[in-house]
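Shown next, in structure tokens, is the structure this report addresses.
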Amino acid sequence: MPSTAVLVVIVIVAFYLFSSIKILKEYERGVIFRLGRLLSSPKGPGIVLVFRPFDQIVRISLRQEAMEVPAQDIITRDNVTLKVNAVITLRVIDAAKAVVEVSNYVYQTSQFAQTTLRSVLGEVELDELLAHREKLNLKIQTIIDQHTSPYGLKVVSVEVKQVDLPESMLRAMARQAEAEREKRAKIINAEGEFNAAQRLVEAATLLAQQPITMQLRYLQTLSEIGAEKNTTIVFPLPLELVSLLKQVGQAVQPKPGGDVQQ
């Protein structure tokens, strides 16, 4: 009988010790409370002894976690109503604080993120939100990190995921973009006309220095017309004849008294 009792006690102790063995993965830490008091430092990774019912263990993962912030209704500084959601990447850097200082660090971080997203994006205009998203992401990350650092969290990044604009604003932005394109097209066309006019003035100045070049250009134009093999008949008219007719017309103009100049 005594030997049987000793064997039973040994089996019970062995089973108790075996059940007290906990294996923590590389990315896990075990926060142990012994008789309700927190031990000095989290345990793990590897084999950890948890002597129940005196000890209680809380497993905490040190891996990065991606948390999606639900879509928030935001009114920007220029009175545009938007729906904006974001993605936050965070990780636990102090497992003991994440267990002791806050009841649910994921939920509390989500609430901080929602209020911060509304307050920060409500202070900027729509154009700044669309053009300077990286700066706003960094500002939101800094604010959330200040709130979460007391309970052992580190916000790695914050990214504004999607900005939903109302249909009326989308149509207005499309009209604005179209008007901007038309403005640029008109400016480019005007610049082209201006450059062409400058070139024509330079060409006229150059041709005026050598009048014979106008006759050569005239003959070249006739050659180009004849090369098209069409039925158009061209009668060359000398430029000197045009000048002579102009002088005759000026000579026969009536005088103020009604006489014709001979």
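Couple of notes before you dig in:
- Applied to region 4-13, the Karplus parametrisation 6.51 cos²θ - 1.76 cosθ + 1.60 on θ = phi - 60° returns per-residue 3J(HN,Hα) values of 5, 5, 5, 5, 5, 5, 5, 5, 5, 5 Hz, with x for Gly and Pro.
- Measuring nothing but how far apart in sequence close Cα pairs (under 8 Å, 6+ apart) lie, relative to its length, region 8-61 scores a relative contact order of 39 percent.
- Computed label-point distance, nm, for sites Thr213 and Lys25 using a 7 Å Cα→Cβ extension: 8.4
- Using θ = phi - 60° and Karplus 6.51 cos²θ - 1.76 cosθ + 1.60, couplings along region 103-111 (whole Hz; Gly, Pro as x): 6, 9, 5, 5, 5, 5, 5, 4, 5
- Inter-centroid distance (Cα atoms) of region 160-190 relative to region 104-123, Å: 32
- Gyration tensor (alpha-carbon) shape descriptor, region 119-209, a/c threshold 1.5: prolate
- Linear extension gain, Thr205 paired with Arg91, 0.36 nm per residue minus alpha-carbon span: 33.4 nm
- Sites listed here are trypsin sites (Lys or Arg not before Pro) in region 1-110 whose DSSP assignment is loop and whose Cβ has at most 12 other Cβ atoms within 10 Å: Arg63.
- Taking a straight line from the alpha carbon of Lys22, these aspartates and glutamates sit under 17 Å away, with near neighbours fewer than eight places off in the same chain left out: Asp55.
- Given their separation in residues at 0.36 nm each and the Cα-Cα distance between them, Glu101 and Asn189 gain 25.0 nm when the chain is fully extended.
- Taken one residue at a time, the phi angles of region 197-209 give Karplus couplings (6.51, -1.76, 1.60, θ = phi - 60°) of 5, 4, 5, 5, 4, 5, 5, 5, 4, 5, 5, 5, 6 Hz. Gly and Pro are set to x.
- Full-stretch length increase - Ser41, Glu68 - with 0.36 nm per residue and alpha-carbon distance subtracted: 6.6 nm
- Taking all Cα pairs closer than 8 Å and separated by 6 or more residues, the relative contact order of region 65-169 comes to 40 percent.
- Cα-Cα separations in region 14-141 greater than 24 Å, expressed as whole percent: 47
- In the structure shown, the pairs Lys83/Lys135; Lys139/Lys183; Lys43/Lys97; Lys83/Lys154 are assessed against 24 Å; a Cα-Cα span above that value is assigned to Lys139/Lys183; Lys83/Lys154.
- Normalised convex hull volume, region 8-61, alpha-carbon set, Å³ per residue: 70
- Two-site label geometry, Phe51 and Ser223: point separation in nm, points 7 Å out along Cα→Cβ: 11.3
- Remark: relative contact order (region 1-128) = 21 percent; criterion is Cα-Cα distance under 8 angstrom and separation of 6 or more residues.
Values in this text are rule-based calculations from the coordinates and carry no lab data. All values derive from a computational prediction rather than experimental measurement. Cβ: placed from backbone, ideal geometry, glycine included. Neighbour counts: every protein chain shown.
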